[in-house]
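The values are calculated or read from the model by the stated rules, or taken from the named source; none is laboratory data. Model, not experiment: these values are computed from the prediction. We place every Cβ from the backbone using ideal geometry, glycine too, and count neighbours over all the protein chains shown.
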Amino acid sequence: MPSRTWTTTLDDAPLELRADVDVAARSLVVVVDGFPVHRETLPASIAPQHKAVTTVSGHRVAVVVVPTPSGIVLQAAIDGRDLDTDRGEEALGLPMAGGALVPARLPLDTGLYYACYPRWMRATAGALLAGITMLAWALFDVWQRGLWTEGSQLLAVLAGGAAATGLGWMWRDVRHQRRRFAWGDTRPGVVVALDPVCVAVSADLAIKEREHVPVVRLSRQPLDRIGDVALGDRVVMVVVYEDSQDGTRWHDVDAVAASCGCSDEAALARLATVVPPGAWDTLDQQLDDLGRPTTPGLYPVPFR
């Protein structure tokens, strides 16, 4: 029974990924740290290759089964990173959902990103403010009574919990955004509304190879915070796909503007050349087919 194990790190912790193939039973099992996380039946013919995709703790795990004259070869990637070569998942030989994934490979400018998308910064600031307030009340109680009471101790514990929660939120989001800008899918976007600024991005929710679920996701983007914006402006977007419920397609598309999280002009210029010219034309045609919407939402593209 063909089997292969990879040892890597995920979220700064060691991780063991194993893929087991039972040729006779035509089954593939993906195991993470000793626990089976995905099982599927292989098609009767897996030529030239077969890819299984699952999600583990919010991370995209892909295993590719490649039949060769000498036997089954197994390859794997996590969040678009080939575990054998550290290249993008397109190095595995099969495209990701909706066509070949082009990892953005951008350095994240955290100051720029949170200036544009301040939601988690505000949440962290709110949690820290709550913690400081409770700690101040606890110290005031101690000053008045001259000792630590149960109430002041409880306030001090709550203050520490609030501060730790806020910092935990921030730390987790920073790691997520770094992964997004390093391995997120590069997609074409175009400005379709100005008040507020709304950008349409073309994507594909299909998970299985040779299937297509084309969509256009319209979302508000803070491009006006970093410069002038005009209708029809082309915007390179960095996309990640949200978890699917049934394993057949992604649930939604989460897109951010590359220029709102990266200040490296050379890297942004390089990324702009990555999007195929025809992709912009495809997005323009999809918007025509949808009647040029301007309201944020997920729009399935009708088949022509």
Query raised in the report: When only residues in segment 20-31 that are closer than 15 Å to Leu74 by Cβ and among the aliphatic types (A, V, I, L, M) count, which is modelled with the lowest pLDDT?
Result: Val23
Query raised in the report: Which pairs have Cβ atoms under 6 Å, sit 6 or more apart or on different chains, and link a residue in segment 107-134 that is over 23 Å from Thr186 (Cα atoms) to one that is modelled with pLDDT of 85 or more?
Result: Met121/Tyr114
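Matching residues to (1) touching a strand residue (DSSP E or B) at 6+ places or on another chain (Cβ under 9 Å); (2) of a type outside the set (Lys, Arg):
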site	(1), (2)
Arg220	yes, no
Asp228	no, yes
Val240	yes, yes
Thr282	yes, yes
Leu287	yes, yes
Pro300	yes, yes
Query - Residue that is modelled with the lowest pLDDT [pool: residues in segment 32-89 that are within 22 Å of Arg249 (Cα to Cα) and basic (Lys, Arg)] - result: Arg81
Report task. Would you check which residues across segment 29-48 are hydrophobic (A, V, I, L, M, F, W, C) and either surrounded by 10 or more Cβ atoms within 10 Å (Cβ to Cβ) or in contact (Cβ under 8 Å) with a residue 24 or more places away in the chain (or both) and list them? Result -> Val29, Val30, Val31, Val32, Val37, Leu42, Ile46
Query - Sole residue being surrounded by 13 or more Cβ atoms within 10 Å (Cβ to Cβ), basic (Lys, Arg) and at pLDDT 70 or above, chosen from Arg105, Arg122 - result: Arg105
